[in-house]
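Contents: one structure, followed by commentary.
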Amino acid sequence: MPLTKWWGCARELPGAPRTRRIGLTVGDWSPCTSDVAASGGRLLAMWASACAENSPDPPSGRGPGGVQEVYAAFLTDRGILIIELPLESAAACAIPQADYPGIEALFPCASRMQRAMAETSGLRSSDPDRRPWLRHPPEAYGFIRVEGEGVHEIAVGPVHAGTIEPGHFRFSVVGEKVLRLEERFGYKHKGVERRFAGMPLLEGHRLAARIAGDSTVAYAWSYCQALEGMAGHRIPPRAAALRALFLELERIANHLGDLGALGNDAGFAFGLTQFSRLKEDLLRSVSQAFAQRYLMDAVVPGGTRDDLSATRAGSLAARIAAVAREAAELRAIYEDHTGVRDRFTGAGILTPELALRLGVLGLAGRASGQALDVRIDFPCAPYDQLAPTRVVRHEGDVAARVAVRFDELAESCRLARALLASLPAGPHLASLQPPAEGSFGTGVVEGWRGPVFVALAAGPHGRINRCHPHDPSWQNWPAIEHAILGNIVADFPLINKSFNLAYSGVDL
Amino acid sequence: MRPAALISQALEILVALAAAPLFLGWVSQCRAWLANRGAPSVFLPYRNLHKLFHKEAVLAQNASALFRIAPYVVFGTMVVAAGIIPSLSGRLPLVAAADAIALVGLFATARVFLSLAAMDVGTAFGTLGARREMMVGFLAEPALLMVIFVASLISATTALPAISAHLASERLSVDPSLAFTGVAFTLVLLAENARIPVDNPATHLELTMIHEAMLLEYSARHLALMEWASALRLFNYACIGFALFVPWGIAARGIGPLGLSLAVPVLALKLAAAGAGLAVIETLSAKLRVMRAPEFLATAFVFAVLGLLVHILLGGP
């Protein structure tokens, strides 16, 4: 059965544009996921309906009503398809010791999501890899070992020599050459999903904004998109334009920071100081306009917290123009510098074929030929009017990820100035009522790393029943394990930085 | 041995001990200026040493005696090296015991102890750093020796003060063979002192480190001695460079009040210029991939050999 059939059976879902949901039986689950994979669909997120973590009893896999659902969201060329599998009894899945059939064979990035689900909801997939993911039990973690003459292991982290988020990287090397890398996370596991449950729906955006601080706008907007969709609320055009402005400012600031850090990791400290200055200039202008450097809590349900006066819009536009001009100059320096070019080119190659197989999303995907951008593919207001230019490279090395950042930086500067030049008049906030119990919606926003997805289910009394925030880093972290292969271990920090994935965003 | 010679010897070492951290601070300051950054105080290395000497030393449980004595050996070799490199005066009694070739041996001794200590505790980073350090070392030493051979051939001696005095007295024009060896020496200096483009002294990324990776397990006074030894090594290399390539202004006849009043400002001037030059090189370069370091040092060796050939072709003795 082709994808169109499933898409046709699915019902429209509020929130993110072009999103549909379909309920499946265990028998339909595998054919449907196969069809999605065959049609080039990507796994966007995977979660379970209950989050039993922190309860006194170990999670049993069954909610109070006895019914649990497993959800998977896919990016297809028709839209976002969400499939739902209710697990009514343990016998529903014919596989021993498993509650549902895993999809890691079709979508390799699902493996870690399924392992995390087993810990937070107790639902076990059929994947034979049953090692813990978010939690750190006292037993030693079963890293896969490489045997052979002269092979040794280098363990890096979770405590690093610099101020970096915690993550453990286990290298198997011969001399300087990396034979295998295995990542181990979960050091920032803090029970975010559990914390969402029972929160007032109108306050959840504040927690969403704090999941990964560098993507605070993307998370808050994604949450609010889901909430507003469920409540049947349309935000004023001015609010949509301001949100897009926030999102592009977040993208510009993060790309500036990354480009500087990438220069520094190549031993080119000049790049770090110049880009840091540009970023700081931008953040100060943002702070003057919105009293917030990183725009945390700037997106609120129903619109935006702050409005923007015409004079401040003018000075912000001037600053963005200056950033775009200077970044273009610095790009010429990066591209002309033999030493920097030598470090960037050919380092950490992720081929387009591998990126497709691994389902890599966002910026890293676009540097490896994966032309996915939610702003263009499934635009919500105001991106349907703005028509952002798609940036794609095919080389897949550090240089390509740097080039994508430079191109996106220039494009985001253009978009931000266009938004500032024609901000719609009217209110920036319209209050909304919390959606009814049982309503379900999703939000998806192209953050600077890639699509940030939120699935939201309303409970009684205007409170959250279940909220699952999903960072594109889930999909992209495994790609680093492949991109490093055959490179020298000393190039890992540069390659890792060129992806710059979230730790907090995946250690929910 | 006359007391004057002893005084000049002692002064040589004391000036090196005192000025080495300042020189390092000066290089850092120049680098910051060149990157349009607010510069740290030029005295920062002293404060750092002071801080480290007042901390409690922590040793790994499985650290052997070698790990504990290595900082003293490394520091000691750098002090002795400072004693035989003419920076202020050419009248150094220690030179009778160690010539320029022994100087290369002193640097090698320090390297061996540093690498052994790094491997002693058995951490992955220490071993990684030691392995890379030995790779850099075994390529840098021949190049450095070749540089010294050229200068020795010109002046028919291997004692550094005599080489320096000969070069200063014989000619005021630049010997073409010395121009080639000068390039070779600069490349060796960058590699041996863990500067960009071979190593990055400012990085916090363990996996990319060479020199710093070997010091990760050290703390307090041990770390202070290691840091001070690093500063001394940079100072020593700078002074070898001065002795070979800009030998003018070194008091040949020991330290009299007159000689000192000339030699000290001249040395300060040379150090200021060399530090600024080093900062310019480091600012303009990116770090090489670790596996490119052999190519870099092979270039240094080729330049040194070219210097030797030019010297023979131009009819040296």
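The values are calculated or read from the model by the stated rules, or taken from the named source; none is laboratory data. All figures in this text were calculated on a predicted structure; none of them were measured in a lab. Here the Cβ is made from the backbone with ideal geometry for all residues, glycine too, and neighbour counts use every protein chain on show.
Data overview
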read-out	value
Test: residue in the range A:203-214 that is within 30 Å of B:SER285 (Cα to Cα) and either away from every other protein chain (no Cβ under 14 Å) or under 18 Å from the mean Cα position of the chain (by Cα) (or both)	no
Within the range A:260-270, considering residues that are more than 8 Å from every other protein chain (Cβ to nearest Cβ) and touching a Lys or Arg at 6+ places or on another chain (Cβ under 6 Å), the one farthest from A:GLY348 (Cα to Cα)	A:ALA261
Flag if A:SER222 is small (Gly, Ala, Ser) and within 25 Å of A:PRO434 (Cβ to Cβ)	yes
Options B:MET119, B:MET134: the member that is free of Cβ contacts under 8 Å to residues at least 60 places away in the same chain, within 14 Å of chain A (Cβ to nearest Cβ), over 19 Å from the mean Cα position of the chain (by Cα) and surrounded by fewer than 24 Cβ atoms within 10 Å (Cβ to Cβ)	B:MET119
All positions within the range A:143-164 that are assigned to a strand (DSSP E or B) and exposed (fewer than 10 other Cβ atoms within 10 Å of the Cβ)	none
Given (1) touching a Pro at 6+ places or on another chain (Cβ under 7 Å); (2) modelled with pLDDT of 70 or more; (3) over 22 Å from A:GLY365 (Cα atoms); (4) not in a helix (DSSP H, G or I), number of the condition A:ILE22 does not satisfy	(1)
Test: residue in the range B:9-22 that is within 14 Å of chain A (Cβ to nearest Cβ) and among the charged types (D, E, K, R)	no
Tally, over the range A:347-377, of residues that are in a loop (DSSP other than H, G, I, E, B) and either touching a Phe, Trp or Tyr at 6+ places or on another chain (Cβ under 8 Å) or closer than 14 Å to A:HIS482 by Cα (or both)	8
Hits in the range B:269-309 - residues which are free of Cβ contacts under 8 Å to residues at least 12 places away in the same chain and within 14 Å of chain A (Cβ to nearest Cβ)	B:LEU284, B:ARG289, B:MET291, B:ARG292, B:GLU295
Filtered residue count, the range A:6-48, keeping only those that are charged (D, E, K, R) and touching a residue at least 24 places away in the same chain (Cβ under 8 Å)	5
Selection within the range A:206-227 - surrounded by fewer than 24 Cβ atoms within 10 Å (Cβ to Cβ) and either acidic (Asp, Glu) or more than 25 Å from A:VAL323 (Cβ to Cβ) (or both)	A:ARG206, A:LEU207, A:ARG210, A:ASP214
Residue within the range B:246-253 that is more than 29 Å from B:PHE43 (Cα to Cα), within 14 Å of chain A (Cβ to nearest Cβ), touching a strand residue (DSSP E or B) at 6+ places or on another chain (Cβ under 9 Å) and modelled with pLDDT under 95 present	no
Residues satisfying the stated conditions in the range A:135-175, i.e. of a type in the set (Ser, Thr, Tyr) and more than 21 Å from B:GLY126 (Cβ to Cβ)	A:TYR141, A:THR163
Out of B:PRO45, B:PRO86, B:PRO71, sole residue that is in contact with a His (Cβ under 8 Å, 6 or more places away or on another chain) and away from chain A (no Cβ under 14 Å)	B:PRO71
Residues (β-branched (Val, Ile, Thr) and either touching a Phe, Trp or Tyr at 6+ places or on another chain (Cβ under 9 Å) or more than 25 Å from A:SER222 (Cα to Cα) (or both)) located in the range A:282-326	A:VAL286, A:VAL299, A:THR304, A:THR311, A:VAL323
Test: residue in the range A:325-336 that is surrounded by 14 or more Cβ atoms within 10 Å (Cβ to Cβ), under 26 Å from A:GLY41 (Cβ atoms), aliphatic (A, V, I, L, M) and within 28 Å of the chain's Cα centre (by Cα)	no
Residues of the range A:173-184 that turn out to be among the β-branched types (Val, Ile, Thr) and in contact (Cβ under 8 Å) with a residue 40 or more places away in the chain, as a count	2
Single unsatisfied condition, A:THR273 versus (1) surrounded by fewer than 21 Cβ atoms within 10 Å (Cβ to Cβ); (2) more than 14 Å from every other protein chain (Cβ to nearest Cβ); (3) part of a helix (DSSP H, G or I)	(2)
Options A:THR338, A:THR304, A:THR311, A:THR345; residue that is in the same structural domain as A:ASN487 (by TED's automatic domain parsing) and touching a His at 6+ places or on another chain (Cβ under 8 Å)	A:THR304
Residue count for the range A:117-132, restricted to those that are more than 12 Å from A:TYR100 (Cα to Cα) and surrounded by fewer than 22 Cβ atoms within 10 Å (Cβ to Cβ)	6
Filter result (at pLDDT below 85 and more than 9 Å from chain A (Cβ to nearest Cβ)) within the range B:178-214	B:PRO201
Residue check, A:ALA140 within 25 Å of A:ASN254 (Cβ to Cβ), surrounded by fewer than 22 Cβ atoms within 10 Å (Cβ to Cβ), free of Cβ contacts under 8 Å to residues at least 60 places away in the same chain and out of contact with any Phe, Trp or Tyr (no Cβ under 7 Å at 6 or more places or on another chain)	no
Yes/no for A:LEU330 being among the hydrophobic types (A, V, I, L, M, F, W, C), within 14 Å of another protein chain (Cβ to nearest Cβ) and in a helix (DSSP H, G or I)	yes
Test: residue in the range B:218-225 that is surrounded by fewer than 23 Cβ atoms within 10 Å (Cβ to Cβ), within 14 Å of chain A (Cβ to nearest Cβ) and among the polar types (S, T, N, Q)	yes
